Each structure stands twice: as structure tokens, then as C-alpha cells.
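Enquirer: Encoded as C-alpha cells, here's the structure I'll be asking about.
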């Protein structure tokens, strides 16, 4: 059964069509890779799904709940998590605080309750910290909880960002180029982490990625975008053999899977 | 083990000293201490907006003025007692703060600064020109406050101390909660905050109304302390004084703001007779701290004494 | 009354336009709004006062000296309130500029403030008003308007035709590419601040004979220049000029037909309305939200 359904979604920026009638269905427990040349509309697709850029046309639903027209915060509260191409950790927070912030949608505290530090609030805070530590342990970063987010390496920041998105137990996770700029070892770790997120936490993942090797390895199915249109969809082997995909990448060797610039 | 010079001990000691102050200080010192407490409220409220939520607004001096005017005018024009006028004025100022927040929901950075600067000038204009209500440039006297058997100056001092304690504690609790984290999230990355189900509009409105509430309380107390309200105390220089207190103490630090308010009220008193010198001193302090000590004086305290850690950090700057 | 209001509106508007141009040029090149711009204007006025009234130099000589002094002051501003904070968050930059503006204001109060609160500045031309049918023209206003237009022309010509102006445009367009092309970007920044301050001072010297010079003149003027720049979409020089003239007209008409006190708040209201209704101004493109 489909978790996330994107139907006939289009969006243009100042006359330039970024997405043109894109359809996509993400099944429960699926890792879906989204690839395409630069400017194909991959990140735009994520921004449209999470509500930052509402589509001009089309429908999006998460477990049957329509998302178009909702604020990004409301969409996130429906169970949609995401990470960003340029990591967006909160620079004034420690790692633990960053991850705890991910629980915001689940905290029900009032401003008044916060100001008077009610017992209920203190208990909720303690529980939030415990959950954040659990998630940090899950991604293998528990040793870093007291560090400032900005002190971490690029790759570590990406993992923290994933943990921050995971803590609220989203049903769908959108990952925007989690492997960009990472070493091969790190990419393997990200690969394994994604599988564990799917298998142990039951989260469906929509993965936008330039590192073709990672996409081919981890994805159950792959969607290929080019100039805002979906030009192919299928399992990794089908995609590798698809002439339209090869044409779109124009000579880029899919089999070698060299990271794109 | 808590450190001897840690925050808890220092705060307890400071509160005890402030409570005992009337027994040993002359009326002038008591007056200055009262002003410092009022500015502590202002600076802490402004820091919630500027340092934590990262909303750069010029409205706080005007809101301070609105709190003072409303407290005074509700008494003089509507015949309310201070005890009715003051809370009503705080509510009124908070509502005005919410209205100021409306543009903030659509605007950010530079444009927010401009709209709030225009709002501040507009407020001055209303105070000066709506003479039928505000008494214009000359200002107006507020009826003296009585506290039963307690001397008025003493009563007001303890009322201020009580409210300062409450509001500083409330701010400190807020920044240690999910609300505080959400404010900092809005400051550090709006898109990331939204992706974590943090409603931007709601949290900007929270930050603006909190700072307005603090400014309203400070304004009401200020009008009672001076028994007089006039436009000139609430101009752009007032804004610079408050900015300086927050920045000198430490952006994004509740205790820094308390420290900054205490120190800078002292400086202001020392230069009371010289407007030009005050402007130069506050201007220079503001610049120097931003350039050389971006985390404020509180960062020196944190470096030297244990037990001063705070959750959440100042707005980011290059290492 | 209408023709008179229009002429005075255009006259003050031309000065707002000039001040706004200085603001916009700095913004275009450095993405920073100089919150000390109003005080640079104020200091320019006091310098002209010093040269013209106290030292009895000619008006044009005083204007040139004040502009040169303002150029230097602009360089100083850049050096102490911008350069050390180039990579700091916007809040720090604005706060530093606000701090610097109060240093200037306090200094002006200390240096010139003892002379009296409002310094009268003698008129440049003493010719009586000219009557053309029902239209009354005050020669002083025409001189100011002409002066402002000449300054705007010079400023625009400088940016579009000279090498330095082109370097500045290139830097504003893309600082990285400009650096690769061998342009010393830091020097361009410094120069921009100087040019911005100079236009502010020129406006102050032109305005001085129409009004008074006093230490607090800067912030209301800054707000008016903001209003002009905001109307023009903040980032467009022609926009700033049109915005300046519009603000001048609006406040004179509002002052003439509604109530004199409205002269002072028209600009604030324009800022609030424009930013809330159409934050990108008249000329700016509609913003698209991107990450």
C-alpha cells in the first residue's frame, strides 16, 4: 500500500517549469531513489512535497491525508521528515538540543507551562532528552551529544540531521543528497543507516542523490527526472538498461557510478 | 558538585542583597537600583526576541513607552487606580506587540527592521501630536502611588524586585524548554524549523508578545517610579540603550541581559547630565562588543567560573 | 496651493532621492543597509555649516569640502563598522552601524551642540519669489532641485561610464567572479561606502539652506530614505530616485491638504504599507522562496 502519493504535480518559477506532471507512489517500507541530471527538479520535488513551494497543480497525500495547501509545519506534523542538501542544523544548539528540537511536534507544552516549569513540563523534557539519546545511539552518535553542532564534521552533521528528523517517528523521510561530499567509507555507512531506518523503524525513504552507486545499491525502486519530467521508473537493473536514462545522462557512465560533480 | 561562584549561589546572593538594599542605601541608590531592575526586565524581554528568536526589531523602546503611557493614561484619563491600570496596560502593550508581529510573519531581516523602525517613529509621533489624549511634548504627571503603611519608594522597589524576579525566572524557564528551542530553531534555520513541525508564525508571535509583555511591565513600573511620562524617554536612543544592554551582556543569554542592564544603568547614571557623552559611550560599547566580544560579558564569566552554562547559544558568527 | 506643494515636494523629494541613492549603492555592493547613513548626512550638514558659516567660505567650496570630508568619513565607517563584520550575521552589522551612528550623533552634539539646538543656514540665493500666473516659485528651491539633479546625474554617470563604476557594478553582480577577474573587491567595498557617504553629504549641504542643521536630523532623514528605497524595491537606483520624489510629493501633499503634522509620518506609513502589501516595492521582482 502506498504511503506517499504524488499525482500530476507541476510547478514553475517565473515561467521556468521545474516540475511537469510528475507522478510518484512511495510504498510502505520502500526506499525510492530519485535521480536525474542537475536541474532536473529533484530538490524541487522534495520542496513541493514538504510544502515549502506549494505546487501550481496536482495532488499530494500522505497515508490518504492531502498535503497540498498545508503549511510546511503542519505537513511535518502529519509524519513527514526531511533533511537538506546544505545541512541545516541549528548552529546555536548542541547535538542533543538539535535532536530534541525534532520532537517539537510531539510536545504539547504551553508557553505558560514552560514559563513556570511545571512538573508535567519537567517530565516531558526528561522524556524528550531520553528519546533523543536513544535516537543518537541508533545512528551511532551518542558520544557527541554535548558538542555544538557546528563543531562536527560535515558527514557527522548529516547523520545528526537524520537523527533529528527521525526522533518524531515520521512515516516518510525525505533525504536530500545525504552522501554529497562524503568519503567512500562514509557513503557505505549512510547506505547501511538507510536500510536500518527502513527495516528497524519502518520508515519509507525518498532519496534524492547524485552518488549513483549509492542509489543503485540501496533503492528498491528508482525514479528518474529530467527537465522536470519523469522519464523512467523501475528497479535498479531496469533503470541501468533504460535508453532514455542513458540519453538523459548523455555519456555519463551509470555502471561505474562515479559521483556526479 | 555545584561551584561556589556558580550561577545558583550568585543569583541567591544577589536577590538577598537586593532585598536588603533599602535598609542600607540612600534614596538615590534605591532609585538607581529600581531603574536597573526595570532595565533588566526590558533587556531580558528584548533578548528573547532578538537573541533567541533572532527577530531584529526596533519596536522595544516604543513598546516600553506604550506601557508607560498606557499605565499613566488609564489612570489620568479613565480614572482607574494603578492596580487596575497597570495590568490593563500590560495586556494592551502585549496586544500592540502582537500587531507589530504581523508584518514579521511575512518579512524578515532588513525589512522587519525597517517596518519596526517606522513603527517606533510613528509611536513617537503619536505621543507628540495626539495631544488630546497624550498631552503632547510636555508629557503629564501620574498620580503618586501608595502602598499602605510602606513608604511609596520602598513599596515600588519591592514590587519591581518581585516582578523582575518572576519575569527573569520565567524567561530562564522558557529558554530551558521546548519553546526556547523552537525560538532558536526559528532563528537558526526557518526551513529546518518548519520541517520539524515548528510553526513559524506562532513562534514569531510568541517572541514578539513576550518581549512586548516585558516591555509593558517595565513601562508601567517606570511611569510609577518617575510619576511622570513624556515622549523623549522612548526614542531611538532608548532603543540603543536596550540593544547595548543585550549585546554587552550577551545575545542569547538571559543572565547576560541581567548583567548588561545592571552595568549599563550605572554608566547611564554616571553620564546623566551629558546627552552627547551618553550617546558616544553607548554607541562605542555596542560597536566594541559586537566586534570584539560577540558573546558579551557573560562569556567571560562562563570562561572563568564553573556553573554558568546555559542551554542554547548565541546567534552564530564565524569562528 | 497645488503647484507650490508639488514644487516643494519635488525639491525635498530630490534630496530624499539623493540620500536613498547612497543607501542603495552600499546595499547593492555589500548587501548591508547602512543604518549610520542618516548620521553621515547630518555630519555633512554640520561640516558645510562649519565651512560656510563659521569659516565664511563660499557655498560651492563648502559643498565640495563637505563632500570630500564625507568621503573620508565613509571610508572610516566601512573600516570600523563593516570590514570587521563582513562575515558576521546581519544583526551584528546593523547593530554596529546603529552604534556608530550614535557615536557620530553624540560627537556632533559635543562639538556643535553647544552652539544652539538648531543652526540656521543662510540662503544660497536671496532673490525674492517669482510669480508665474498662479504659481509661486521660490528660487532657493529651484537651486536645490537643480543641484540635486546635477548630483544624481554625476552619480549615475559615474556608475555607468567610469571604470571604477563598472568594477562596482561587477562586484555587486557577483563578488566571487569579480575577484576572479582581478577586481580588488575590498577596495570596491570601501569605495562604495565612501561614495554613499558623499551623496549623503551633498544632499545635506543642499538641504541646509532650506531647513536647520541639528544633531538629530539624521534618523528622520534615514527613515525617509528607507521609505524611498523600499518603494523602489531596495536595490534599484532609478527605483530609489522615483521613490525619493514620490515620498517628497506624498508628504508635502499630505501636509498641505490633511494636516501639517502628517508631513512627518507619511514616510513611516508608506514604509509600513508598502512592506506589508508588496514587500518587493514597485520595481523589484516577486520573491521566490528558495533554500
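Enquirer: Would you work out the Kirkwood radius for segment C:212-280? I mean one over the mean of 1/r across all pairs of different Cα atoms, in Å.
Expert: After inverting the mean inverse Cα-Cα distance, the result is 12.2 Å.
Enquirer: Please give the per residue volume of the convex hull enclosing the alpha carbon atoms of segment A:1-158, rounded to a whole number of Å³.
Expert: 160
Enquirer: For segment C:44-111, count the residues as N, evaluate 2.2 N^0.38 Å, and divide the Cα radius of gyration by that value, please.
Expert: 1.34
Enquirer: Kindly express, to the nearest 10 degrees and within the range 0 to 90, the angle between helix C:163-173's C-alpha long axis and the longest C-alpha principal axis of chain C.
Expert: The answer is roughly 70 degrees.
Enquirer: Tell me the volume per residue, in Å³, of the convex hull enclosing the alpha carbons of the protein assembly as shown.
Expert: Spread over its residues, the Cα hull of the protein assembly as shown gives 186 Å³ apiece.
Enquirer: Turning to a different aspect of this structure: Just rank C:56, B:275, fewest to most, by other beta-carbon atoms within 10 angstrom.
Expert: Going from least to most buried by this count: C:56, B:275.
Enquirer: Hey, any idea what the orientation-averaged projected area of the convex hull of segment B:82-163's Cα atoms comes to, in nm²?
Expert: 7.5
Enquirer: Could I ask something else about it? Using only the Cα atoms of segment A:140-230, build the gyration tensor, take square roots of its eigenvalues as a ≥ b ≥ c, and label the shape rounded, prolate or oblate: rounded if a/c is under 1.5, else prolate if a/b is larger than b/c, else oblate.
Expert: Prolate, because a/c is 1.5 or more and a/b exceeds b/c.
Enquirer: Please report C:163, A:164, A:221 as a ranked list, fewest other C-beta atoms within 10 angstrom at the top and most at the bottom.
Expert: So the ranking, lowest neighbour count to highest, is C:163, A:221, A:164.
Enquirer: Same structure again: Remind me, relative contact order of chain C in percent, using alpha carbon pairs under 8 angstrom and six or more residues apart?
Expert: So the answer I get is 35 percent.
Enquirer: Please compute, over every Cα-Cα pair in segment C:131-203, the percentage with a separation greater than 16 angstrom.
Expert: Above the 16 Å cut-off, segment C:131-203 has 60 percent of its Cα pairs.
Enquirer: So if I take the alpha carbon set of segment A:85-137, get Rg, then get Rh from the Kirkwood formula, what is the Rg over Rh ratio?
Expert: Over the Cα atoms of segment A:85-137, Rg/Rh equals 1.02.
Enquirer: Is the C-alpha gyration tensor of segment B:198-319 telling us rounded, prolate or oblate? Criteria: a/c under 1.5 is rounded; beyond that, a/b larger than b/c is prolate, otherwise oblate.
Expert: Oblate.
Enquirer: Between segment A:1-64 and segment C:1-63, what is the C-alpha centre distance in whole Å?
Expert: Centre-to-centre distance over Cα atoms comes out at 52 Å.
Enquirer: Taking only the alpha-carbon atoms of segment A:71-208, what semi-axes of the equivalent ellipsoid follow from 5 times the gyration tensor eigenvalues under a square root, in whole Å, largest first?
Expert: Output for segment A:71-208: semi-axes of 26, 17, 13 Å.
Enquirer: Along the three principal axes, how long is segment B:124-282 when you take its alpha carbons, biggest first, rounded to the nearest angstrom?
Expert: Projected onto the principal axes, the Cα atoms of segment B:124-282 cover 51, 38, 35 Å.
Enquirer: Shifting gears a bit: Can you tell me which of C:42, C:272, C:207 moves the most in a GNM of chain C? Springs connect C-alpha atoms under 10 Å apart.
Expert: Result for chain C, Cα springs under 10 Å: C:272 fluctuates most.
Enquirer: In the Gaussian network model of chain A, springs joining C-alpha atoms below 10 Å, which of A:67, A:26, A:112 carries the largest mean-square fluctuation?
Expert: A:112
Enquirer: Pairing the Cα long axis of helix A:184-201 with the longest principal axis of chain A, what angle in degrees results, from 0 to 90 and rounded to the nearest 10?
Expert: The angle comes out near 70 degrees.
Enquirer: Give me the one-decimal Kirkwood hydrodynamic radius in Å for segment A:118-164, with the sum taken over alpha-carbon pairs.
Expert: So the Kirkwood estimate lands at 11.4 Å.
Enquirer: I would also like to ask the following. Please give the direction-averaged projected area of the C-alpha convex hull for segment C:144-254, in square nanometres with one decimal.
Expert: So the mean shadow area of the Cα hull is 7.8 nm².
Enquirer: Using a 10 Å cut-off around each Cβ, can you sort C:277, B:126 from fewest to most neighbouring Cβ atoms?
Expert: Lowest to highest Cβ neighbour count: C:277, B:126.
Enquirer: Let's test this: bin the Cα-Cα distances of segment C:1-123 at 10 Å from zero up to the farthest pair and state each bin's percent.
Expert: With 10 Å bins starting at 0, P(r) equals 12, 36, 33, 16, 3, 0.
Enquirer: On to the next question. Return the single residue from A:66, A:178, A:170 with maximal mean-square fluctuation; model: Gaussian network over chain A, springs between Cα atoms under 10 Å.
Expert: Evaluated over chain A, the most mobile residue of the options is A:66.
Enquirer: From the P(r) of segment B:125-190, can you give the percent of Cα pairs sitting at distances over 15 Å?
Expert: Summing the P(r) tail past 15 Å for segment B:125-190 gives 73 percent.
Enquirer: Kirkwood Rh over Cα pairs of chain C into Stokes-Einstein at 20 °C, 1.002 mPa s: D in µm²/s?
Expert: Roughly 111 µm²/s, to the nearest whole number.
Enquirer: On to the next question. Could you work out the helix-only [θ] at 222 nm for the protein assembly as shown, with each DSSP H run of four or more residues adding -39,500 (n - 2.57) and the total divided by the number of residues, to the nearest 500 deg cm²/dmol?
Expert: After summing the helix terms and dividing by the residues of the protein assembly as shown, the value is -20000 deg cm²/dmol.
Enquirer: Compute log10 of I(q)/I(0) for segment B:1-122 with the Debye formula, placing one identical point scatterer on every Cα and leaving out solvent, at q = 0.16, 0.23 Å⁻¹, to two decimals.
Expert: Values returned for q = 0.16, 0.23 Å⁻¹ are -0.96, -1.23.
Enquirer: Classify segment B:1-66 as rounded, prolate or oblate from the Cα gyration tensor: take a ≥ b ≥ c as the square roots of its eigenvalues, call it rounded if a/c is under 1.5, otherwise prolate when a/b beats b/c and oblate if not.
Expert: Taking the square roots of the gyration eigenvalues as a ≥ b ≥ c, segment B:1-66 is oblate.
Enquirer: May I have the pair-distance distribution P(r) for segment B:101-142, computed from all Cα-Cα distances with 5 Å bins from 0 and rounded to whole percent?
Expert: Pair shares across the bins are 6, 22, 19, 14, 12, 12, 11, 3.
Enquirer: Same structure again: Considering every Cα-Cα pair within segment C:18-71, what fraction, in whole percent, is farther apart than 15 Å?
Expert: In whole percent, the share of Cα-Cα pairs in segment C:18-71 beyond 15 Å is 50.
Enquirer: Could you grab the relative contact order for segment B:119-205? Cα pairs under 8 Å, six or more apart, rounded to a whole percent.
Expert: Relative contact order here is 11 percent.
Enquirer: Right, next: Return an integer: the convex hull volume of the alpha-carbon atoms of segment B:270-319, in Å³ per residue.
Expert: Looking at segment B:270-319, the number lands at 117 Å³ per residue.
The numbers here are math on the coordinates, done by the rules we state, and not lab data. This is a predicted model, so every value here is computed, not measured. Backbone-built Cβ (ideal geometry, glycine too); neighbour counts: all protein chains shown.
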